[in-house]
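The values are calculated or read from the model by the stated rules, or taken from the named source; none is laboratory data. Please read these numbers as outputs of a predicted model, since none were measured by experiment. Neighbour counts run over all protein chains shown; Cβ positions are idealised from the backbone, glycine included.
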Amino acid sequence: MTHEFKTLVETAIDWKKGGFQVVLATVVALDGSSYRRPGVRMLLNNKGFWKGAVSGGCVEKEVYRESQSVFETGQPKMMSYDGRYRLGCEGVLYILLEPFDPEEAFIEAFFKSIDERKSFTISSYYENQEGEFKGMGSVIDLNMELFSIGGVDILREEKGQSAVFKQDLSPCFKLLVIGAEHDAVKLSKYALLTGWEVTVIARSNELKSAEHFSGAHFMQIMAPENINAMQIDQQTAVVLMTHNFAIDLRYLVALKETTPNYIGLLGSTRRRDDLLSQFIEYCPEVTDEFLDVIYGPAGIDIGSETPEEIAVSIVSEILAVNRNRETYSLRKKSGKIHSKSK
């Protein structure tokens, strides 16, 4: 997940400024099942602190213990964690541990890529057994420029590495909340907890101000006609919650020139039908593809009543749409919960 890796990079920069040694742990392979899949990471420093997790809590202390030799030698190593005989786990994790000392060139290129909402690739070269092996480590491809995390030769692919885990990471998922009433505050909080970037567009007469949206980018007044400036792409969800039919309609008309993967409408089915009817009257040339991303009433049916419950419902629906999943109870699912990693 891009937002998780971004948090680890930010943490590594802070720890580096504090004079700490830093190790990055990456799950590169899995036999059986586990709480998290390959590609999950955590960061550790030589003072006993770590950020993130590679499992539900049963693995992290062992990862820290194994990382001590990396702090001492500066050399990447492989470790495994066999959870088949431990409560809650049914598989074997293979984890690459490598020094992480981000250089200025990488930091500049990375955050430029994040700001410009560009995808990037992380390739982790490893051996499927425990120990230190020459040439292990991760390489990040940022807009066709390669950066090494742990000192691995960036031309390693030409040398025939025995195993490589590649992960393509999309831009950070973004939620655009149009409206700043009480329910918008709750939706913003749950979205931020999920790790999304959140932008709130407010009108001058709405009840809530920037101080109510801690962690979100708050914008006071934006004309619907200027919505194109918001970089709305396939990694963006929009929820219209101004509680004003005419204003929601204006924003919906403006959004037809963008490509979000989700547009949520608050209110009843009758309000939705009226809104879409007038929208199509204003924009008869609108494509079916755009209409397909409109969800109204927003949210999945979990019996939501309070603003907090409605926020959970909307966030859940956005997640399901973004992951291309039909929603139902996992008790009805047979086989593995997660799809096979690419």
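Data for the structure
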read-out: Enumeration of residues in region 1-56 that are farther than 24 Å from GLN235 by Cβ and aromatic (Phe, Trp, Tyr); value: TRP15, PHE20, TYR35, PHE49, TRP50
read-out: LYS17 vs. criteria out of contact with any Lys or Arg (no Cβ under 9 Å at 6 or more places or on another chain) and touching a residue at least 24 places away in the same chain (Cβ under 8 Å); value: no
read-out: Options ALA216, ALA210; residue that is modelled with pLDDT under 90, outside the structural domain of GLU108 (by TED's automatic domain parsing) and surrounded by 19 or more Cβ atoms within 10 Å (Cβ to Cβ); value: ALA216
read-out: Tally, over region 310-330, of residues that are without any contact (Cβ under 8 Å) to a residue 24 or more places away in the chain and surrounded by 14 or more Cβ atoms within 10 Å (Cβ to Cβ); value: 3
read-out: Only listed residue being under 19 Å from CYS172 (Cβ atoms), over 16 Å from the mean Cα position of the chain (by Cα) and buried (at least 20 other Cβ atoms within 10 Å of the Cβ), chosen from ALA25, ALA12; value: ALA12
read-out: Verdict on GLY74 being more than 24 Å from the chain's Cα centre (by Cα), more than 10 Å from LEU24 (Cα to Cα), modelled with pLDDT of 85 or more and not basic (Lys, Arg); value: yes
read-out: Options ILE232, ILE310: the member that is in a helix (DSSP H, G or I) and within 24 Å of the chain's Cα centre (by Cα); value: ILE310
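Residue-wise test of (1) out of contact with any strand residue (DSSP E or B) (no Cβ under 6 Å at 6 or more places or on another chain); (2) in a strand (DSSP E or B); (3) on the phi > 0 side of the Ramachandran plot; (4) in the same structural domain as GLY83 (by TED's automatic domain parsing).
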| site | (1), (2), (3), (4) |
| --- | --- |
| ALA12 | no, no, no, yes |
| THR26 | no, yes, no, yes |
| LEU44 | no, yes, no, yes |
| LYS51 | no, yes, no, yes |
| LYS61 | yes, no, no, yes |
| ARG65 | yes, no, no, yes |
| SER69 | yes, no, no, yes |
